[in-house]
1. Sort the following peptides by mean Cβ neighbour count (other Cβ atoms within 10 Å, averaged over residues), highest first: 139-150, 168-179.
2. So how strong a dipole does segment 99-179 carry about its Cα centre when Lys and Arg Cβ are +1 and Asp and Glu Cβ are -1, to the nearest 20 debye?
3. Can you tally the net charge around I128? Count Lys and Arg as +1, Asp and Glu as -1, for every other residue whose Cβ sits under 14 Å from the Cβ of I128.
4. How far is it, in nm, from the label point at R89 to the one at F237 when both lie 7 Å from their Cα along the line to the Cβ?
5. When a/c is below 1.5 the answer is rounded, else prolate if a/b is larger than b/c, else oblate, so apply that to segment 30-159 with a ≥ b ≥ c taken from the square roots of the Cα gyration tensor eigenvalues.
6. For a Förster distance of 35 Å, can you work out the FRET efficiency between the beta-carbons of T193 and A73, rounded to the nearest 0.05?
7. Take the Cα pairs of segment 115-253, get the Kirkwood Rh, then feed it into Stokes-Einstein at 25 °C and 0.890 mPa s and tell me D in µm²/s.
8. Where only protein heavy atoms count, and the probe is 1.4 Å, what is the accessible area per residue for segment 47-160 in Å²?
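The values are calculated or read from the model by the stated rules, or taken from the named source; none is laboratory data. Computed from a predicted structure; not experimentally measured. Reconstructed Cβ throughout: ideal geometry from the backbone, glycine too, with neighbour counts over all protein chains shown. The protein model used for the area step is the full one, side chains on, heavy atoms only, and it has no ligands, DNA or RNA in it. Shrake-Rupley method; radii C 1.70, N 1.55, O 1.52, S 1.80 Å.
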Amino acid sequence: MGACSETGPDKIHNSPMKTILLFAAALSQIQAQSPANPPDFTGVWGVYRGGRGADPKLAPPPASALVLKPDYAKPYEARRALEAEANKRGEQLATTGAQCIPYGMPTMMSVAIYPMEVIQTPKQITIISEAFSEVRRVYMGVPQAKVEDVAPGYYGRSAGRWDGDTLVVDTVGIKPSIGGYRGMPHSDQMRITEHMKLVAPDYLHDQITIDDPVVLDKPVTYTLAFKRMPNYEMVEFVCDNNREYVDEKGVVRLQVHDK
């Protein structure tokens with residue numbers, strides 16, 4: 001009589017089959033939450049800050065407090081004080097942008113007045129910032145990878161899903177050398193959660209929550225507001241022939257003559 005293979009619950013529990021079943025269950029849950037006709041974010045979006053007389057529902061709400069753990073708070077506040085002093089002198093301390101280094105996530109989502117473009121398909125949402133032509137990709141309807149399995153980079157890995165009319169995006173894998181929100185430090189354990197929603201026709205809010213158990217005492221949340229720019233064509237932004245340099249005091253200077 002031939003030997004019988006084991007197919008009982010214990011065997012499945014300790015085999016690759018368990019991983020397959022868990023993946024399938026997670027995928028089914030994500031797909032079940034996706035609306036048949038999700039809102040269309042495709043287009044170019046400019047920064048919207050409201051202003052006097054603006055509808056308060058369109059302007060972004062106040063951000064929560066940024067509370068760093070003591071070991072990180074002291075050097076961070078010292079750096080902010082140096083920046084304030086430099087600004088009073090009309091100087092700028094070195095930043096990644098001044099050195100032609102991409103901003104990465106989450107800063108790339110709002111750089112000065114530069115707009116961003118969204119290209120939306122069922123399987124992927126691509127976001128392009130005009131500043132430095134930075135590109136991030138949100139993979140739709142797939143489970144997020146473990147943090148340790150994502151190669152650290154400027155934009156990390158973003159997994160998205162629809163929760164009704166809200167796009168929920170989970171991003172991990174931002175390398176610690178990339179400046180965080182308001183220049184905050186962060187570890188490789190930082191997780192960025194976004195809730196993107198049309199609050200009115202042609203007005204988009206991106207609520208961003210940053211959680212980092214190593215650096216933050218508690219998560220910090222802030223919201224970016226955008227207004228659709230239907231006739232705007234994105235401009236190429238390449239950081240070449242950069243004449244800015246950082247001097248020995250860490251201040252950005254302009255090179256007027258070729259060396």
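1. 168-179, 139-150
2. 200
3. Neighbourhood net charge equals -3.
4. So the label points at R89 and F237 sit 2.8 nm apart.
5. In terms of gyration-tensor shape, prolate.
6. 0.95
7. Result for D is 146 µm²/s.
8. That works out to 57 Å² for each residue.
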